[in-house]
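Since the structure comes first, as structure tokens, the remarks are kept for the end.
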Amino acid sequence: MTEKTATGITGLDEMLEGGIPTGYTILVAGGPGTGKSTFAMQFLKNGIDQFGENGIYISLEERAPDMIRNFANYGWDLSKVKIISMIPEKASSAHETKYVSVVGTQSSNTVELSPKKFSVDLVADTIREHVKSSDAKRIVIDSLAALSAQLEDPFSIRQEILGLSNLLSDLGCTALLLTEMPEGQAGISRYGIEEFVAQGVIALYNIRKGSERARGLEILKMRGTKHSQKICMMELANEGFMVYPNENLHSGTSGF
Ligand SMILES: Nc1ncnc2c1ncn2[C@@H]1O[C@H](COP(=O)(O)OP(=O)(O)O)[C@@H](O)[C@H]1O
Ligand SMILES: [Mg+2]
């Protein structure tokens, strides 16, 4: 039996027959506002609260204090989740060198570290260091788009994503890589490598249904396990994500 890492998200573990296979790297793909960051944070929070597994959230998109403030709307206690934001700050006019400020947040303390030159090695070193120091079993990288925006060309994007995925698999953590997927796009591979480095793909949707929008979740791929083939209804409710494994997103709709 494959060991599973339960997400703790209502309905989803049922679709995954117990959870994500432990140690896998999963792409979480969806358009803006489909709930990728919320989903990922809930995965980490549940890991701590329900399964005693520490987690690390690497955000290249939002500062840690802003994230904590936004997620406070759900009433979540995130004090035990390690949130590390690495946000590009400025490009020096001289050599176009990009800098990031690294903010590590743990408990209620926000520690602002001195800006460092951005590189994927810095991201990798940060992951390595914090996985070790907090014995983390779950990792989130938000997002591949923000990471790639710091790189020059498609070749280095592919190299760096591949390098990161090797690191994640060496560390043995179950990892979520968040990635943009424009609505209506057939494939999820924006950089030509994602499906190669990920053992699973979970897609999030926010479609028009008549005059309203409805949220959906689909497991597009999950190597080594059986899983639901449905595009299921999902809700972003007051407590966060709820997935309805028996309700089809497209029932009663006139299409995407
Ligand atoms: N307290 C809340 N209750 C319900 N839904 C919320 C709440 N806060 C935010 N949302 C919804 O979550 C969406 C943002 O989700 P987010 O995880 O940031 O998406 P993504 O990372 O895919 O851009 C918002 O567009 C909003 O619809
Ligand atoms: Mg996001």
Looking at segment 21-32, which of its residues are surrounded by fewer than 21 Cβ atoms within 10 Å (Cβ to Cβ) and near ligand 1 (Cβ under 8 Å from one of its atoms)? 31, 32
Which number in (1) away from ligand 1 (no atom under 16 Å from the Cβ); (2) at pLDDT below 90; (3) under 16 Å from the mean Cα position of the chain (by Cα) marks the one condition that residue 97 misses? (3)
Which residues, taken from segment 33-91, are more than 16 Å from ligand 1 (Cβ to nearest atom), part of a loop (DSSP other than H, G, I, E, B) and touching a helix residue (DSSP H, G or I) at 6+ places or on another chain (Cβ under 7 Å)? 53, 80
Given the conditions (1) under 19 Å from the mean Cα position of the chain (by Cα); (2) over 19 Å from residue 31 (Cβ atoms); (3) modelled with pLDDT under 90; (4) of a type in the set (S, T, N, Q), which single one is not true for residue 225? (1)
Take residue 131 and decide whether it is aliphatic (A, V, I, L, M), at pLDDT below 95, under 25 Å from residue 45 (Cα atoms) and surrounded by 19 or more Cβ atoms within 10 Å (Cβ to Cβ). yes
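Filter segment 138-180 for residues that are among the charged types (D, E, K, R) and more than 19 Å from residue 128 (Cβ to Cβ); which is most open to solvent (accessible area, probe 1.4 Å)? Steps first, answer last, please.
Our first condition is that a residue be among the charged types (D, E, K, R); within segment 138-180, this holds for 138, 142, 152-153, 158, 160, 170, 180.
After this cut, where a residue has to be more than 19 Å from residue 128 (Cβ to Cβ) as well, the list is 152-153, 158, 180.
Working: 152: 156, 153: 56, 158: 92, 180: 47 Å².
Among those residues, the one meeting the criterion is 152.
Residue-by-condition table, conditions (1) closer than 24 Å to residue 166 by Cβ; (2) within 15 Å of ligand 2 (Cβ to nearest atom); (3) within 13 Å of the chain's Cα centre (by Cα):
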site	(1), (2), (3)
6	no, no, no
21	yes, no, no
35	no, yes, yes
43	yes, yes, yes
48	no, no, no
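Taking residue 160, is it in a strand (DSSP E or B) and over 14 Å from the mean Cα position of the chain (by Cα)? Show your work before the answer.
Numbers: in a strand (DSSP E or B): no; over 14 Å from the mean Cα position of the chain (by Cα): yes.
Considered against the rule, which asks whether it is in a strand (DSSP E or B) and over 14 Å from the mean Cα position of the chain (by Cα), residue 160 comes out as no.
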Of the residues 180, 195, 160, 235, which is in contact (Cβ under 8 Å) with a residue 60 or more places away in the chain, more than 16 Å from ligand 2 (Cβ to nearest atom) and of a type in the set (D, E, K, R)? 195
Identify all residues within segment 38-73 that are surrounded by 23 or more Cβ atoms within 10 Å (Cβ to Cβ) and over 24 Å from residue 133 (Cα atoms); write none if there are none. 39
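The values are calculated or read from the model by the stated rules, or taken from the named source; none is laboratory data. Everything numeric in this text was worked out from a predicted model, so none of it was measured. Glycine gets a Cβ as well: all are built from the backbone with ideal geometry, and neighbour counts include every protein chain shown. Heavy atoms of the whole protein, side chains included, go into the accessibility calculation; ligands, DNA and RNA do not. Shrake-Rupley method; radii C 1.70, N 1.55, O 1.52, S 1.80 Å.
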